[in-house]
Amino acid sequence: MLHPGTARLPLPASLTALDRTLVLGVVNVTPDSFSDGGEWFEPDAAVAHGRELLADGADLLDVGGESTRPGAVRVDEAEELRRVLPVIEALSGAGATVSVDTTRARVAARALEAGARIVNDVSGGLADPDMPRVVAGSGAVYVAMHWRGHADVMDANARYDDVVREVRDELAARLDALVTAGVDPRQVVLDPGLGFAKPGVDNWPLLAHLDALQELGRPVLVGASRKRFLGHLLARPGVDPVPPTERDAATAAITTLCAAQGAWAVRVHDVGPSADAVRVVERWQDVRASRAASSGSRGGALPGAQQEGRPS
Ligand code: PMM
């Protein structure tokens with residue numbers, strides 16, 4: 001059985017044939033991202049980092065030239081293009097399936113010309129009214145994330161009565177608007193936007209209820225990697241939050257939970273552990289499915305009621 005999300009997206013056959021959650025490795029070409037700012041700011045270093053992520057098991061690479069952390073100052077379009085285009089060209093030229101992380105339609109258009117196959121827009125089309133036209137004309141995959149404003153205002157917009165219902169309804173409205181503007185719904189992936197206008201506590205219900213977003217009929221991408229709500233979860237005396245680089249094991253645990261819920265992809269900085277996690281879930285789900293099928297034909301033994309007979 002193919003992964004229902006991946007199989008339906010306009011992506012290379014090597015990916016659509018996979019029956020598991022995909023791993024999207026982060027290549028931030030920025031001096032100021034919260035999690036890895038400045039580490040791969042020069043194009044050559046960013047390309048080398050992308051290649052490392054592929055070797056670690058990334059299925060896709062997400063190249064971004066503008067930090068979206070709360071309070072971040074916007075870069076201008078020319079600078080964003082200068083940062084991302086050479087990296088996208090080099091990585092897609094080397095055979096990677098590349099996503100561009102941008103809210104600007106013109107950056108998206110140039111990135112697609114340079115070889116990107118996916119536009120990852122953290123504003124879900126709200127930041128640039130021309131984005132739906134560019135996406136519709138390209139036929140590319142479009143990740144529409146839940147968003148309530150740029151980094152300078154997002155914390156002020158983080159109020160919810162029922163975060164799962166409100167995020168689902170706001171994403172449903174974005175999907176409708178995109179389709180009205182000419183985007184084929186089969187291009188669209190939805191993302192709850194963890195950490196974007198979401199206080200720590202509001203991220204957990206979204207993670208626990210990916211099904212509420214999946215009800216909208218589109219694949220779901222989750223970006224939990226190294227985010228602050230994990231830093232608070234892992235706090236220890238005198239250290240709250242723990243620093244981003246100490247959040248990778250928790251990120252991989254979240255990848256496991258997302259894969260078990262059928263997420264289309266996870267966006268992560270430390271690719272290896274998440275790549276392992278999705279393979280564990282794939283095997284676990286295969287065994288559950290085949291045991292359910294055979295126990296159904298034998299008259300309904302409970303899944304897990306028998307030992308596998310393997311040494312532990
Ligand atoms: N998070 C960040 C940037 N881009 N894109 C999507 N689709 N979803 C996310 O959650 C997301 C994103 C912020 O993280 P970073 O600064 O470490 O890249």
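The values are calculated or read from the model by the stated rules, or taken from the named source; none is laboratory data. Note that the structure is a prediction, hence the values are computed from the model and not measured. Reconstructed Cβ throughout: ideal geometry from the backbone, glycine too, with neighbour counts over all protein chains shown. Heads up: the accessible areas ignore ligands, DNA and RNA and are worked out on the full protein's heavy atoms, side chains in. Shrake-Rupley method; radii C 1.70, N 1.55, O 1.52, S 1.80 Å.
Remarks
- Test: Asp176 is under 20 Å from Arg20 (Cα atoms) and open to solvent by 40 Å² or more (accessible area, probe 1.4 Å): no
- Among the candidates Gly57, Gly65, the residue that is buried (at least 21 other Cβ atoms within 10 Å of the Cβ), at pLDDT 90 or above and closer than 30 Å to Gly262 by Cα is uniquely Gly65.
- One residue from Thr102, Thr97 being within 16 Å of the ligand (Cβ to nearest atom), open to solvent by 10 Å² or more (accessible area, probe 1.4 Å), of a type outside the set (Lys, Arg) and within 27 Å of Leu15 (Cα to Cα): Thr97
- Residue selected from segment 8-34 under the condition within 17 Å of the chain's Cα centre (by Cα) and either in a helix (DSSP H, G or I) or at pLDDT below 80 (or both), by the criterion nearest to Gly64 (Cα to Cα): Ser33
- Qualifying residue in segment 222-231 (condition: within 20 Å of Ala260 (Cα to Cα) and among the β-branched types (Val, Ile, Thr)): yes
- Answer residue from segment 147-167, given it is in a loop (DSSP other than H, G, I, E, B) and touching a residue at least 60 places away in the same chain (Cβ under 8 Å) and is most open to solvent (accessible area, probe 1.4 Å) among those: Asp152
- Condition check for Val271: open to solvent by less than 30 Å² (accessible area, probe 1.4 Å), within 15 Å of the ligand (Cβ to nearest atom) and farther than 20 Å from Glu215 by Cα: yes
- Sole residue being more than 20 Å from the chain's Cα centre (by Cα) and either modelled with pLDDT of 95 or more or at positive phi (or both), chosen from Leu126, Leu85: Leu85
- Qualifying residue in segment 106-118 (condition: within 26 Å of Ala197 (Cβ to Cβ) and either surrounded by fewer than 23 Cβ atoms within 10 Å (Cβ to Cβ) or in contact with a His (Cβ under 7 Å, 6 or more places away or on another chain) (or both)): yes
- Subset of segment 185-195 (residues that are open to solvent by less than 50 Å² (accessible area, probe 1.4 Å) and touching a helix residue (DSSP H, G or I) at 6+ places or on another chain (Cβ under 7 Å)): Gln187, Val188, Leu190, Pro192, Leu194, Gly195
- Among all residues of segment 203-212, there is at least one that is aromatic (Phe, Trp, Tyr) and open to solvent by 10 Å² or more (accessible area, probe 1.4 Å).
- Filtering Ala151, Ala197 for residues that are in contact with a Ser or Thr (Cβ under 6 Å, 6 or more places away or on another chain) and more than 20 Å from Leu24 (Cβ to Cβ) leaves a single hit, Ala151.
- Number of residues in segment 179-198 that are within 15 Å of the ligand (Cβ to nearest atom) and either farther than 21 Å from Asp101 by Cα or among the aliphatic types (A, V, I, L, M) (or both) equals 5.
- Some residue of segment 201-216 being within 12 Å of the ligand (Cβ to nearest atom), under 17 Å from the mean Cα position of the chain (by Cα), within 19 Å of Leu171 (Cβ to Cβ) and among the polar types (S, T, N, Q): yes
- Pairing each residue of segment 1-21 that is farther than 19 Å from Pro185 by Cβ with any residue that is aromatic (Phe, Trp, Tyr) and surrounded by 15 or more Cβ atoms within 10 Å (Cβ to Cβ), provided the two are 6+ apart or on different chains, yields C-beta distances under 9 Å for Thr21/Trp264.
- In summary, Ala72 fulfils each of the numbered conditions (1) open to solvent by 50 Å² or more (accessible area, probe 1.4 Å); (2) closer than 24 Å to Arg228 by Cβ; (3) over 19 Å from the mean Cα position of the chain (by Cα) with the single exception of condition (1).
- Residues in segment 214-266 that are part of a loop (DSSP other than H, G, I, E, B) and open to solvent by 50 Å² or more (accessible area, probe 1.4 Å): Glu215, Leu234, Pro237, Gly238, Asp240, Pro243, Gln261.
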